[in-house]
Amino acid sequence: MSALPSIARFAPSPTGPLHFGSLVSALASFLDARQRNGQWLVRIEDLDPPREVPGASHQILKQLESHGLRWDGTVLYQSSRLEAYAAALESLIESGLIYQCRCNRQRLQSLGGIYDGHCSQLQLPHQDCAARLRVNSAPISFNDQIVGQYSQNLQAEVGDFVVRRRDTLFSYQLAVVVDDQYQAISHIMRGADLLDSTPRQIYLQQCLNFKTPEYAHLPLALNAEGQKLSKQNLAMGLLEGQESQHLWAALHWLRQSPPEPLQRQSVAEILDWATAHWSVQTVAESLQNSPAPEGY
Ligand code: GLU
Ligand code: ZN
(Lines give C-alpha, C1' and ligand atoms only; values in the text may rest on other atoms or scores of the structure.)
(Ligands and ions follow the chains in the order given, each with its own letter.)
Protein backbone atom coordinates (compact mmCIF):
# COMPACT_ATOMS: atom_id res chain seq x y z
CA MET A 1 0.00 0.00 0.00
CA SER A 2 1.29 3.43 -0.83
CA ALA A 3 1.66 5.78 2.11
CA LEU A 4 0.60 9.09 0.64
CA PRO A 5 -0.04 11.59 3.43
CA SER A 6 -3.71 11.83 4.27
CA ILE A 7 -5.08 15.37 4.36
CA ALA A 8 -8.65 16.20 5.36
CA ARG A 9 -10.45 19.50 5.82
CA PHE A 10 -13.39 21.24 7.42
CA ALA A 11 -14.68 24.06 5.25
CA PRO A 12 -17.37 26.15 6.96
CA SER A 13 -19.03 29.17 5.39
CA PRO A 14 -18.97 32.11 7.82
CA THR A 15 -22.73 32.63 7.86
CA GLY A 16 -23.12 32.08 11.61
CA PRO A 17 -21.66 30.22 14.60
CA LEU A 18 -21.19 26.46 14.70
CA HIS A 19 -24.36 24.56 15.55
CA PHE A 20 -24.85 20.89 16.40
CA GLY A 21 -24.89 19.84 12.73
CA SER A 22 -21.67 21.62 11.81
CA LEU A 23 -20.00 20.35 14.99
CA VAL A 24 -20.86 16.80 13.91
CA SER A 25 -19.18 17.36 10.51
CA ALA A 26 -16.12 18.98 12.05
CA LEU A 27 -15.75 16.29 14.70
CA ALA A 28 -16.23 13.35 12.32
CA SER A 29 -13.69 14.62 9.79
CA PHE A 30 -11.27 15.48 12.62
CA LEU A 31 -11.51 11.98 14.13
CA ASP A 32 -11.24 10.31 10.77
CA ALA A 33 -8.09 12.32 9.98
CA ARG A 34 -6.60 11.69 13.40
CA GLN A 35 -7.21 7.99 13.23
CA ARG A 36 -5.40 7.94 9.90
CA ASN A 37 -2.53 9.98 11.37
CA GLY A 38 -3.32 12.56 8.76
CA GLN A 39 -3.58 16.32 8.78
CA TRP A 40 -6.80 18.20 9.38
CA LEU A 41 -7.08 21.63 7.78
CA VAL A 42 -9.63 24.39 8.18
CA ARG A 43 -10.73 26.54 5.28
CA ILE A 44 -13.12 29.45 5.67
CA GLU A 45 -15.39 29.63 2.63
CA ASP A 46 -15.94 33.38 2.63
CA LEU A 47 -16.68 33.61 -1.05
CA ASP A 48 -20.03 35.32 -0.85
CA PRO A 49 -19.68 38.63 1.05
CA PRO A 50 -23.44 39.42 1.01
CA ARG A 51 -24.16 36.19 2.91
CA GLU A 52 -21.34 36.60 5.40
CA VAL A 53 -22.13 37.42 9.03
CA PRO A 54 -19.56 39.79 10.55
CA GLY A 55 -17.49 38.05 13.21
CA ALA A 56 -18.65 34.56 12.23
CA SER A 57 -15.24 33.33 11.01
CA HIS A 58 -13.60 34.33 14.25
CA GLN A 59 -16.39 32.77 16.26
CA ILE A 60 -16.24 29.47 14.37
CA LEU A 61 -12.48 29.23 14.90
CA LYS A 62 -12.86 29.98 18.60
CA GLN A 63 -15.55 27.31 18.90
CA LEU A 64 -13.38 24.73 17.15
CA GLU A 65 -10.55 25.54 19.55
CA SER A 66 -12.71 25.35 22.64
CA HIS A 67 -13.90 21.90 21.51
CA GLY A 68 -10.27 20.79 21.16
CA LEU A 69 -10.54 20.61 17.37
CA ARG A 70 -7.12 22.04 16.65
CA TRP A 71 -6.28 22.33 12.95
CA ASP A 72 -2.91 21.85 11.28
CA GLY A 73 -1.16 24.74 9.57
CA THR A 74 -2.83 28.06 8.97
CA VAL A 75 -6.44 28.71 8.06
CA LEU A 76 -7.07 29.30 4.35
CA TYR A 77 -9.59 32.02 3.47
CA GLN A 78 -11.28 31.73 0.10
CA SER A 79 -11.47 35.52 -0.13
CA SER A 80 -7.67 35.46 -0.61
CA ARG A 81 -7.86 33.00 -3.51
CA LEU A 82 -9.70 34.91 -6.24
CA GLU A 83 -6.71 34.86 -8.60
CA ALA A 84 -6.53 31.10 -8.43
CA TYR A 85 -10.24 30.80 -9.27
CA ALA A 86 -9.82 33.22 -12.17
CA ALA A 87 -6.89 31.15 -13.48
CA ALA A 88 -8.98 27.96 -13.29
CA LEU A 89 -11.81 29.66 -15.15
CA GLU A 90 -9.33 30.84 -17.79
CA SER A 91 -8.12 27.30 -18.31
CA LEU A 92 -11.71 26.06 -18.73
CA ILE A 93 -12.31 28.85 -21.27
CA GLU A 94 -9.20 27.78 -23.19
CA SER A 95 -10.53 24.24 -23.27
CA GLY A 96 -13.69 25.54 -24.95
CA LEU A 97 -15.85 24.37 -22.08
CA ILE A 98 -17.32 27.73 -21.02
CA TYR A 99 -20.07 29.91 -22.44
CA GLN A 100 -21.81 33.00 -21.17
CA CYS A 101 -25.45 32.89 -20.11
CA ARG A 102 -27.81 35.78 -19.58
CA CYS A 103 -30.96 33.87 -18.67
CA ASN A 104 -32.86 35.69 -15.97
CA ARG A 105 -34.05 34.21 -12.71
CA GLN A 106 -37.60 33.81 -13.97
CA ARG A 107 -36.50 31.76 -16.97
CA LEU A 108 -34.17 29.62 -14.83
CA GLN A 109 -36.94 28.96 -12.31
CA SER A 110 -39.24 27.80 -15.08
CA LEU A 111 -36.64 25.12 -15.96
CA GLY A 112 -36.93 23.43 -12.58
CA GLY A 113 -33.21 23.33 -11.85
CA ILE A 114 -31.88 21.61 -14.99
CA TYR A 115 -30.36 24.15 -17.38
CA ASP A 116 -31.42 23.58 -20.98
CA GLY A 117 -28.39 25.02 -22.79
CA HIS A 118 -30.39 27.97 -24.10
CA CYS A 119 -27.39 30.34 -24.33
CA SER A 120 -24.78 27.79 -25.37
CA GLN A 121 -24.58 28.86 -29.02
CA LEU A 122 -25.21 32.60 -28.59
CA GLN A 123 -21.60 33.78 -28.11
CA LEU A 124 -22.63 36.33 -25.53
CA PRO A 125 -20.09 38.80 -24.10
CA HIS A 126 -18.82 38.44 -20.53
CA GLN A 127 -20.54 41.58 -19.27
CA ASP A 128 -23.60 40.96 -17.18
CA CYS A 129 -23.55 37.24 -17.89
CA ALA A 130 -22.91 34.10 -15.84
CA ALA A 131 -20.21 31.68 -17.01
CA ARG A 132 -21.49 28.13 -17.48
CA LEU A 133 -19.48 24.94 -17.83
CA ARG A 134 -20.57 22.51 -20.55
CA VAL A 135 -21.28 19.02 -19.23
CA ASN A 136 -21.85 15.76 -21.08
CA SER A 137 -23.88 12.62 -20.69
CA ALA A 138 -21.12 10.28 -19.50
CA PRO A 139 -22.21 9.16 -16.02
CA ILE A 140 -20.01 10.36 -13.14
CA SER A 141 -19.74 7.65 -10.49
CA PHE A 142 -17.83 7.36 -7.27
CA ASN A 143 -17.75 5.10 -4.26
CA ASP A 144 -18.68 7.12 -1.18
CA GLN A 145 -17.21 5.65 2.02
CA ILE A 146 -20.55 6.04 3.78
CA VAL A 147 -23.22 6.19 1.09
CA GLY A 148 -21.66 3.60 -1.23
CA GLN A 149 -21.86 3.78 -5.02
CA TYR A 150 -23.32 7.06 -6.28
CA SER A 151 -23.77 8.10 -9.88
CA GLN A 152 -25.12 11.08 -11.77
CA ASN A 153 -25.64 11.94 -15.42
CA LEU A 154 -24.85 15.64 -15.33
CA GLN A 155 -26.49 16.38 -18.64
CA ALA A 156 -29.80 14.83 -17.63
CA GLU A 157 -29.80 15.75 -13.95
CA VAL A 158 -28.00 19.11 -13.70
CA GLY A 159 -27.26 20.65 -17.09
CA ASP A 160 -24.43 23.06 -17.86
CA PHE A 161 -23.75 24.72 -14.53
CA VAL A 162 -22.55 28.11 -13.33
CA VAL A 163 -18.91 28.53 -12.35
CA ARG A 164 -18.91 32.31 -12.17
CA ARG A 165 -22.09 34.11 -11.29
CA ARG A 166 -23.62 37.03 -13.09
CA ASP A 167 -22.64 39.24 -10.12
CA THR A 168 -19.02 38.08 -10.88
CA LEU A 169 -18.68 35.93 -7.74
CA PHE A 170 -17.11 32.54 -8.36
CA SER A 171 -19.36 29.60 -7.62
CA TYR A 172 -18.91 27.32 -4.62
CA GLN A 173 -18.38 24.38 -7.02
CA LEU A 174 -15.39 25.97 -8.74
CA ALA A 175 -13.77 27.39 -5.60
CA VAL A 176 -14.08 24.18 -3.59
CA VAL A 177 -12.44 22.12 -6.33
CA VAL A 178 -9.58 24.59 -6.85
CA ASP A 179 -8.87 24.73 -3.12
CA ASP A 180 -9.17 20.99 -2.47
CA GLN A 181 -6.49 20.54 -5.14
CA TYR A 182 -4.36 23.43 -3.84
CA GLN A 183 -4.41 22.01 -0.31
CA ALA A 184 -3.83 18.46 -1.62
CA ILE A 185 -6.93 17.20 0.17
CA SER A 186 -7.14 13.41 0.04
CA HIS A 187 -10.23 12.83 2.23
CA ILE A 188 -13.42 14.86 2.26
CA MET A 189 -16.00 14.10 4.93
CA ARG A 190 -19.00 16.45 5.02
CA GLY A 191 -22.78 16.54 5.24
CA ALA A 192 -24.97 14.60 2.82
CA ASP A 193 -26.55 17.86 1.67
CA LEU A 194 -23.46 18.11 -0.57
CA LEU A 195 -23.69 14.58 -1.97
CA ASP A 196 -25.39 15.72 -5.16
CA SER A 197 -22.75 18.43 -5.69
CA THR A 198 -19.98 15.85 -5.73
CA PRO A 199 -20.40 14.68 -9.35
CA ARG A 200 -20.13 18.32 -10.48
CA GLN A 201 -16.95 18.63 -8.43
CA ILE A 202 -15.50 15.41 -9.86
CA TYR A 203 -16.34 16.59 -13.37
CA LEU A 204 -14.55 19.89 -12.69
CA GLN A 205 -11.54 17.97 -11.37
CA GLN A 206 -11.48 16.00 -14.62
CA CYS A 207 -11.76 19.16 -16.74
CA LEU A 208 -8.92 20.80 -14.80
CA ASN A 209 -6.70 17.69 -14.58
CA PHE A 210 -6.96 17.60 -10.80
CA LYS A 211 -6.97 14.56 -8.54
CA THR A 212 -10.25 13.25 -7.13
CA PRO A 213 -10.18 12.76 -3.33
CA GLU A 214 -12.04 10.10 -1.36
CA TYR A 215 -15.52 11.23 -0.32
CA ALA A 216 -17.66 10.35 2.70
CA HIS A 217 -21.04 12.04 3.19
CA LEU A 218 -22.46 12.06 6.70
CA PRO A 219 -26.17 11.77 7.45
CA LEU A 220 -27.77 15.05 8.51
CA ALA A 221 -28.90 16.21 11.93
CA LEU A 222 -32.50 17.37 11.65
CA ASN A 223 -34.59 19.87 13.59
CA ALA A 224 -38.08 19.20 14.95
CA GLU A 225 -39.58 19.98 11.54
CA GLY A 226 -37.38 17.36 9.89
CA GLN A 227 -35.19 19.95 8.15
CA LYS A 228 -31.41 19.93 8.15
CA LEU A 229 -30.06 22.04 11.00
CA SER A 230 -28.67 25.11 9.36
CA LYS A 231 -28.00 28.74 9.92
CA GLN A 232 -30.82 29.50 7.47
CA ASN A 233 -33.42 27.85 9.65
CA LEU A 234 -31.87 29.36 12.75
CA ALA A 235 -30.25 26.37 14.40
CA MET A 236 -29.01 27.35 17.85
CA GLY A 237 -25.36 28.20 18.27
CA LEU A 238 -23.52 25.97 20.73
CA LEU A 239 -23.49 27.35 24.27
CA GLU A 240 -20.12 28.19 25.70
CA GLY A 241 -18.88 26.22 28.72
CA GLN A 242 -20.59 22.96 27.67
CA GLU A 243 -17.98 21.73 25.21
CA SER A 244 -17.62 18.27 26.74
CA GLN A 245 -21.37 17.70 26.61
CA HIS A 246 -21.51 18.88 22.99
CA LEU A 247 -18.74 16.50 21.97
CA TRP A 248 -20.35 13.62 23.81
CA ALA A 249 -23.75 14.38 22.26
CA ALA A 250 -22.18 14.51 18.79
CA LEU A 251 -20.42 11.16 19.35
CA HIS A 252 -23.64 9.63 20.62
CA TRP A 253 -25.52 11.00 17.62
CA LEU A 254 -22.82 9.48 15.37
CA ARG A 255 -23.57 6.06 16.97
CA GLN A 256 -20.06 5.81 18.41
CA SER A 257 -21.41 4.60 21.80
CA PRO A 258 -19.46 6.91 24.11
CA PRO A 259 -19.67 5.67 27.73
CA GLU A 260 -21.93 7.85 29.86
CA PRO A 261 -19.24 9.07 32.35
CA LEU A 262 -17.09 10.32 29.46
CA GLN A 263 -19.24 13.45 29.19
CA ARG A 264 -17.75 14.70 32.47
CA GLN A 265 -14.17 14.45 31.19
CA SER A 266 -12.10 17.14 29.49
CA VAL A 267 -12.42 17.74 25.75
CA ALA A 268 -8.91 16.32 25.27
CA GLU A 269 -9.85 13.08 27.04
CA ILE A 270 -13.07 12.79 25.07
CA LEU A 271 -11.23 13.32 21.79
CA ASP A 272 -8.62 10.71 22.72
CA TRP A 273 -11.33 8.17 23.50
CA ALA A 274 -13.17 9.10 20.33
CA THR A 275 -10.10 8.80 18.11
CA ALA A 276 -9.31 5.36 19.49
CA HIS A 277 -12.91 4.20 18.96
CA TRP A 278 -13.83 6.04 15.77
CA SER A 279 -15.64 3.79 13.32
CA VAL A 280 -16.81 5.19 10.02
CA GLN A 281 -18.17 1.68 9.41
CA THR A 282 -20.63 2.15 12.26
CA VAL A 283 -21.75 5.45 10.79
CA ALA A 284 -22.23 3.81 7.41
CA GLU A 285 -24.13 0.83 8.81
CA SER A 286 -26.32 2.33 11.48
CA LEU A 287 -26.86 6.04 10.97
CA GLN A 288 -29.46 7.82 8.88
CA ASN A 289 -30.64 11.41 8.86
CA SER A 290 -31.99 11.77 12.37
CA PRO A 291 -33.13 14.40 14.85
CA ALA A 292 -30.52 16.33 16.76
CA PRO A 293 -30.65 15.62 20.52
CA GLU A 294 -33.09 17.67 22.55
CA GLY A 295 -31.74 21.10 23.37
CA TYR A 296 -29.91 21.56 20.07
N1 GLU B 1 -18.73 25.67 2.84
C2 GLU B 1 -19.68 24.60 2.66
C3 GLU B 1 -20.75 24.69 3.73
O4 GLU B 1 -20.53 25.29 4.78
C5 GLU B 1 -19.06 23.23 2.79
C6 GLU B 1 -18.13 22.94 1.69
C7 GLU B 1 -17.60 21.53 1.66
O8 GLU B 1 -17.41 20.89 2.69
O9 GLU B 1 -17.32 21.08 0.54
O10 GLU B 1 -21.82 24.17 3.51
ZN1 ZN C 1 -28.79 31.15 -20.50
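With helices as the sole contributors, the chain gives -10000 deg cm²/dmol at 222 nm; each DSSP H run of n ≥ 4 counts as -39500 (n - 2.57), and the sum is divided by every residue. On a per residue basis, the convex hull of the C-alpha atoms belonging to the range 209-284 measures out at 162 Å³.
What translational diffusion coefficient, to the nearest whole µm²/s, does the range 148-296 have by Stokes-Einstein, given a Kirkwood radius computed over alpha-carbon pairs, a temperature of 37 °C and 0.692 mPa s viscosity? Mind showing how you got there, number by number?
Working: Rh = 17.9 Å.
D, rounded to a whole number, is 183 µm²/s.
With no solvent and one equal point scatterer per Cα, compute the Debye intensity ratio I(q)/I(0) for the range 117-218 at 0.11, 0.18 Å⁻¹ and report its log10, rounded to two decimals. Normalising to I(0) and taking log10 leaves -0.35, -0.90. Local charge for TYR99 was computed over the other residues whose Cβ lies under 12 Å away, with Lys and Arg +1 and Asp and Glu -1, and equals +3.
Rounded, prolate or oblate for the range 65-117? Axes are the square roots of the Cα gyration tensor eigenvalues, ordered a ≥ b ≥ c, and the cut-off for rounded is a/c under 1.5. Oblate, since a/c reaches 1.5 and b/c is not below a/b.
Residues in the range 196-202 carry Karplus couplings, in order, of 7, 8, 4, x, 4, 5, 5 Hz; the curve used is 6.51 cos²θ - 1.76 cosθ + 1.60 with θ = phi - 60°, and Gly or Pro positions show x.
What whole-number value in Å² describes the accessible area per residue of the chain for a 1.4 Å probe?
Numbers: 14390 Å² over 296 residues.
On a per-residue basis, 49 Å².
Take the alpha carbon atoms of the range 1-48, find their center, do the same for the range 49-89, and report the distance between the two centers in whole angstrom. That distance is 12 Å. For the set ASP179, ASP272, ASP48, the ranking by accessible area, highest first and with no ligand, DNA or RNA atoms included, is ASP272, ASP48, ASP179 under a 1.4 Å probe. Protection proxy ranking for 110-116, 193-199, 290-296, using the average of other Cβ atoms within 10 Å per residue and placing the highest first: 193-199, 290-296, 110-116. Counted over the chain, the DSSP beta bridges are approximately 50% antiparallel.
Between GLN35 and LEU124, the FRET efficiency estimated from the beta carbon spacing at R0 = 35 angstrom works out to 0.10.
In whole angstrom, note down how far apart the Cα centers of the range 163-205 and the range 210-285 are. Here the answer is 23 Å between Cα centres.
Rounded to the nearest 20 debye, what is the charge dipole size of the range 35-166 about its Cα centre when +1 sits on each Lys and Arg Cβ and -1 on each Asp and Glu Cβ? Intermediate values should be presented prior to the final figure.
Values: 14 positive and 14 negative charges, 45 e Å.
The calculation lands at about 220 debye.
Heavy-atom surface analysis with a 1.4 Å probe gives the range 25-73 a carbon and sulfur content of 49 percent of its accessible area. Legend: P(r) of the chain from all alpha carbon pair distances, 5 Å bins from 0, whole percents, reading 1, 5, 11, 15, 17, 17, 14, 9, 6, 3, 1, 0, 0, 0. You can think of it this way: the chain between ARG264 and ASN104 has 52.1 nm of extra reach, that is 0.36 nm per residue less the Cα-Cα gap.
The values are calculated or read from the model by the stated rules, or taken from the named source; none is laboratory data. What you see is a predicted model; the values in this text were computed from it and never measured. All Cβ positions, glycine included, derive from the backbone under ideal geometry; neighbour counts span all protein chains shown. Each accessible area value is taken on the protein alone, full model and side chains, heavy atoms only, with ligands, DNA and RNA left out. Shrake-Rupley method; radii C 1.70, N 1.55, O 1.52, S 1.80 Å.
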